[in-house]
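Asker: Pasting in a structure now, in structure tokens, and then I'll have a few things to ask.
The values are calculated or read from the model by the stated rules, or taken from the named source; none is laboratory data. Fair warning: this is a prediction, and the values are worked out from it, not measured in the lab. Note: ideal-geometry Cβ built from the backbone for every residue, glycine included; neighbour counts use all protein chains shown.
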Ligand code: AMP
Ligand code: MN
Ligand code: MN
């Protein structure tokens, strides 16, 4: 696949900022890190900065992760801001830095992203932003640390090459990356599978309290702020719960939410493809992909379930026709 490279958009740039979405996941953290290292090699004279909320601790396997800036109160204006794995709405407090930049580039793979930069490279058929980024890089500049970051990013968004977003091209890239010889097995174990004791406990609790509805085709569970306080966990510790719920036999759509404020919940949805959860999430101001999407909702837990199931039921009904 011959693609235009990212360098063609950066001519003359003396300062570049790279950022990603709030509550950054593996693809987001790794894409930011990979592009940062790449730009430092490609444009050694330019000033390159990364802006991102503090990543989960397990990403300390990536060299240079401490260079991420998680304070956004700067009045700097960059020549270029590259937003990764999201549109401008999900940049959080980095949004003002993005808006001030002279040139805004948006690189993403979310189907719900209509493009929020001056230049938009949005390819929904890509497994991950990391995969897309790899094709935008000059191969001779990719080193072991960049390869490692791209590999972990792809692995996270494909559920370790398991989800249907994994294409032959995804695996071709993964094969090229493995040639760098890093210890992919421990990296995936440490960043993707391994959980702390409390993370495992709260996952167990959420699964135990899950409820099926709509003829057992949907499943839902919730973690309250009180539960999070009890187990001493934060939002970053809840990753993987919704996937576990989606793994229940017979379930077409899984919903997981956790309380973020008074009558406010962060909602994650997963589906086997029968329901387009991105469409459901977009209705409530969020977005994502057909099989994985999210949004933030206001209201009681039960009101939110009602509103979501209304949308899900409409889709399942259409599908039955
Ligand atoms: P999550 O369940 O939060 O892990 O998100 C699943 C997928 O939906 C990921 O690809 C997210 O990037 C995306 N997503 C989650 N929340 C939102 C949102 N509020 N707006 C747009 N995309 C989202
Ligand atoms: Mn992401
Ligand atoms: Mn992604």
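Asker: Being part of a strand (DSSP E or B) and within 16 Å of ligand 3 (Cβ to nearest atom) is the filter; apply it to segment 67-119 and report the residue that is surrounded by the fewest Cβ atoms within 10 Å (Cβ to Cβ). So that I can check it myself, show each step before the final result.
Answerer: Initially, segment 67-119 is screened for residues part of a strand (DSSP E or B), giving 69, 80-84, 103-108, 119.
If we keep only those that are within 16 Å of ligand 3 (Cβ to nearest atom) too, we end up with 82-84, 106-108.
Values: 82: 31, 83: 30, 84: 30, 106: 24, 107: 27, 108: 27.
Only one residue tops the list, namely 106.
Asker: Name every residue in segment 272-288 that is over 19 Å from residue 113 (Cβ atoms) and touching a strand residue (DSSP E or B) at 6+ places or on another chain (Cβ under 9 Å), in order of residue number. Don't jump to the end; show me each part of the working.
Answerer: Kept after step one, since they are over 19 Å from residue 113 (Cβ atoms), are these residues of segment 272-288: 272-275.
Result: 272, 274, 275.
Asker: Residue by residue through segment 270-286, note down the ones that are more than 16 Å from ligand 3 (Cβ to nearest atom) and buried (at least 17 other Cβ atoms within 10 Å of the Cβ).
Answerer: Going through segment 270-286, the residues more than 16 Å from ligand 3 (Cβ to nearest atom) turn out to be 271-276, 279-280, 282-285.
Residues satisfying the conditions are 271, 275, 276, 279, 280, 282, 284.
Matching residues to (1) surrounded by fewer than 24 Cβ atoms within 10 Å (Cβ to Cβ); (2) under 22 Å from the mean Cα position of the chain (by Cα); (3) within 16 Å of ligand 1 (Cβ to nearest atom):
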site: 7; (1), (2), (3): yes, no, no
site: 14; (1), (2), (3): yes, no, no
site: 22; (1), (2), (3): yes, yes, yes
site: 28; (1), (2), (3): no, yes, yes
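Asker: Among the listed residues 55, 44, identify the single one that is away from ligand 1 (no atom under 16 Å from the Cβ) and either under 28 Å from residue 194 (Cβ atoms) or at pLDDT 95 or above (or both).
Answerer: Among 55, 44, only 44 is away from ligand 1 (no atom under 16 Å from the Cβ) and either under 28 Å from residue 194 (Cβ atoms) or at pLDDT 95 or above (or both).
Asker: Which number in (1) more than 16 Å from ligand 1 (Cβ to nearest atom); (2) in contact (Cβ under 8 Å) with a residue 12 or more places away in the chain; (3) over 24 Å from residue 147 (Cα atoms) marks the one condition that residue 94 misses?
Answerer: For residue 94, the exception is condition (1).
Asker: Which count do you get for residues in segment 7-19 that are assigned to a helix (DSSP H, G or I) and out of contact with any strand residue (DSSP E or B) (no Cβ under 8 Å at 6 or more places or on another chain)? Steps first, answer last, please.
Answerer: Initial filter on segment 7-19 (assigned to a helix (DSSP H, G or I)): 7-9.
This time we only want the ones that are out of contact with any strand residue (DSSP E or B) (no Cβ under 8 Å at 6 or more places or on another chain), so: 7-8.
Qualifying residue count, segment 7-19: 2.
Asker: State whether the residues of segment 130-150 include one that is surrounded by fewer than 17 Cβ atoms within 10 Å (Cβ to Cβ) and in contact with a strand residue (DSSP E or B) (Cβ under 8 Å, 6 or more places away or on another chain).
Answerer: No - not one qualifying residue is present in segment 130-150.
Asker: Quick check on my filter: what residues within segment 20-58 are in contact with a strand residue (DSSP E or B) (Cβ under 7 Å, 6 or more places away or on another chain) and either without any contact (Cβ under 8 Å) to a residue 24 or more places away in the chain or closer than 23 Å to residue 187 by Cα (or both)?
Answerer: Hits for segment 20-58 are 20, 28, 31, 32, 35, 36, 40, 50, 52.
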